[in-house]
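The values are calculated or read from the model by the stated rules, or taken from the named source; none is laboratory data. Just so you know, these numbers come straight off a predicted model, no measurement behind them. Because the Cβ atoms are built from the backbone with ideal geometry, glycine has one as well, and the counts that use them run over all protein chains shown.
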Amino acid sequence: MDRPPPGVDVTPGTRATSRAEALAALDDLQEAAADLGWDEATGLVDALVDELGHLLVDLAEGAPTPTPRPDVVGAIGGPTRAVDHASCRVAAAALGRVSAVFAAGGTPWAPAAGVVADELAGLLLQVADAPRGGHLPPSARGVVVRRVSAWPPPGPVGGGRRRPRPGARLSGMRISETVVHPTDPWATFEMLTDPGYQELRCRRSGATDQTVTVEKEDRATVVTTRRHLPSDGVPDFARAFVGPTLLLVETVRWGEADQDGEREAAMSLELPGLPVSFTGGTHLRRGEQEGTTQQVVDGDLEARVPLMGHRIEQAVAPRISHIMHVEQEAAREWLAAR
């Protein structure tokens, strides 16, 4: 890692960072514009670098706590391009110097910001070590996104909300399901964005009625389904929140494909009128067997009900798992008829 800027003493407990040093580090950080060759990863890194810049301003002003700021949502998916190794190394060097300024501190939260800056610098150096002119493979892109998304900014963001550390949970229940489709990612995407297929999967999930829309928004494809499902099987303690049917609204916003047809989507499930939601993503990956596709759904189920939230989440989670397994069966039926 690079040495700190001249005049900055990073020995813990020696002295606080001066206002001039913090602002000089901010100027240095503005040169950190890493291009990881993938819009989603690059956008997340840019957002974290921007947040570190705001924290340097707070440090310069001697703020006892960081100023709350809204969360930033980056791009989803998109085609890949070659990693810009030089920009990743330049950004890593700047982050290393900024980490030293935060380490000198002066406020209780500054050292934690230094840790985030240092770890981000290390990640960018790993990306920079990728083969020259090469693209980040899907497995590496996933690692980058998960690591950057998991780092908690020191102090409150988004009105006091903090991102969880890897493995930590703020609330709710983590759900991850994988199904395999017997066709390639290009054909799988065509199927998932076909209104006829969406109506089929709604019916197979037990819907009494359904509405499907597929829209293009800039470079994204947005699939929205609204279906009513029988509330049979809902535990007695949760019946106060539901009637004879549940309205489930699913929104999936697909990004562009990479050269292999793999792509990402932001995904949400809402139960209008109920304090229950699922927020996460769905991903299309080439399967282990030739001519197959893995569809991975990963996200957080949250019931915002005091005392009973976790019990409601435990009751709803099997419904989401069931919908995913129905997805696999409906897909096989749809593809077999074509």
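Out of the residues in segment 39-67 that are assigned to a helix (DSSP H, G or I) and of a type in the set (Val, Ile, Thr), which is nearest to ALA24 (Cα to Cα)?
That would be VAL57.
What helices (runs of 4 or more DSSP H) lie completely within segment 78-158 and have 3 or more residues being surrounded by fewer than 22 Cβ atoms within 10 Å (Cβ to Cβ) and at pLDDT below 75?
Filter on segment 78-158 gives 138-150.
Being surrounded by fewer than 19 Cβ atoms within 10 Å (Cβ to Cβ) and under 18 Å from GLU190 (Cα atoms) is the filter; apply it to segment 222-231 and report the residue that is nearest to the chain's Cα centre (by Cα).
Selected residue: VAL222.
Of all residues in segment 171-229, how many are of a type in the set (Lys, Arg), more than 16 Å from THR282 (Cβ to Cβ) and assigned to a helix (DSSP H, G or I)?
Result for segment 171-229: 2.
Of the conditions (1) touching a His at 6+ places or on another chain (Cβ under 8 Å); (2) modelled with pLDDT under 90, MET267 satisfies every one except a single condition; which number is it?
Going through (1) touching a His at 6+ places or on another chain (Cβ under 8 Å); (2) modelled with pLDDT under 90 one by one, MET267 breaks only (1).
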